[in-house]
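Enquirer: I am attaching a structure below and will ask some questions about it afterwards.
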Amino acid sequence: MLRHGIISSPLPSSLRLEAHKNLTVSAQIKTQPTSNNYSISDQALESRGFILRRTIDELNLDHLNSVFVAVGFPKRDPQKIRVALENTDSLLWVEFTKTSKPVAFARATGDGVFNAIIWDVVVDPSFQGIGLGKAVMERLIHQLLLKGICNIALYSEPRVLGFYRPLGFVADPDGIRGMVYSTRKQKKMK
């Protein structure tokens, strides 16, 4: 999915996005967006026992892996997770203070200037439906837009496309389809 078109809430009214035929989106920030444009404030999250984190410093990779598995991702090698996170441009995760464990997570990679792809958006099933996924996505998108990154894409399972649409993402805009390199085909050719 690509983030595409004119976005209103929860991003600030000072942010104007224009869609172009080639599906890149340009962002013009007239003033610094503030956190009061989020659907749930940082203070409200904290009052409910959650802390937003933006680095991997206190992130237990085994606990993150448990969240990945709980939402249906395959179990991953923790060392490979570490390498992936060290090569990530922006990330955000939510810690539940009672357990000190991650309960929501998302990250983005890209060229740091024009393009970013959002990966690994997960919320522990025990914490789904209370706004943590939206809180993480709003803030991650905000971080990317502040960097001037205007073409934001993500991969998503079809069953959760409806979650991303209100955030400004469009599936297959103008008939454009993504493609994935298949290593399976390469193995057959040998």
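Enquirer: Just flag the trypsin sites (Lys or Arg not before Pro) in segment 36-76 sitting in loop per DSSP whose Cβ has no more than 15 other Cβ atoms within 10 Å.
Expert: Sparse-neighbourhood loop trypsin sites (Lys or Arg not before Pro): 48, 54, 75, 76.
Enquirer: I'd like the trypsin sites (Lys or Arg not before Pro) in segment 82-118 restricted to DSSP loop residues with at most 14 other Cβ atoms within 10 Å, sorted by number.
Expert: When the trypsin sites (Lys or Arg not before Pro) of segment 82-118 are filtered for loop state and at most 14 Cβ neighbours within 10 Å, 98 remain.
Enquirer: Is the C-alpha gyration tensor of segment 35-187 telling us rounded, prolate or oblate? Criteria: a/c under 1.5 is rounded; beyond that, a/b larger than b/c is prolate, otherwise oblate.
Expert: Taking the square roots of the gyration eigenvalues as a ≥ b ≥ c, segment 35-187 is oblate.
Enquirer: Decide, for segment 47-129, between rounded, prolate and oblate: order the square roots of the alpha carbon gyration tensor eigenvalues as a ≥ b ≥ c, take rounded if a/c falls under 1.5, and otherwise choose prolate if a/b is larger than b/c, else oblate.
Expert: prolate
Enquirer: Round to the nearest 0.05 the FRET efficiency obtained for residue 69 and residue 174 when R0 = 45 Å and r is the Cβ-Cβ distance.
Expert: So the FRET efficiency works out to roughly 0.80.
Enquirer: Please compute the modelled spin-label separation between residue 109 and residue 83, points set 7 Å along Cα→Cβ, answer in nm with one decimal.
Expert: Output for this residue pair reads 1.1 nm.
Enquirer: Average projected area of the Cα convex hull of segment 97-186, in nm²?
Expert: Mean shadow area of the hull around the Cα atoms is 8.2 nm².
Enquirer: Okay, next question. How high is the relative contact order of segment 86-185? Use alpha-carbon pairs under 8 Å, at least six apart in sequence, and give a whole percent.
Expert: It rounds to 23 percent for segment 86-185.
Enquirer: Beyond a 24 Å Cα-Cα separation, which of these cross-linked pairs lie in this structure: 75/147; 80/134; 80/101; 101/134?
Expert: From 75/147; 80/134; 80/101; 101/134, over 24 Å: 75/147; 80/134.
Enquirer: Further question: To the nearest Å, what is the center-to-center distance of segment 75-148 and segment 47-73, using C-alpha atoms only?
Expert: Computed from Cα coordinates, the inter-centre distance equals 9 Å.
Readers should treat all values here as calculations from the given coordinates under stated rules, not as data from a laboratory. Treat the numbers as computed from the prediction; the structure is a model and nothing was measured. Using ideal geometry, Cβ is built from the backbone for each residue, glycine included, and neighbour counts are taken over all protein chains shown.
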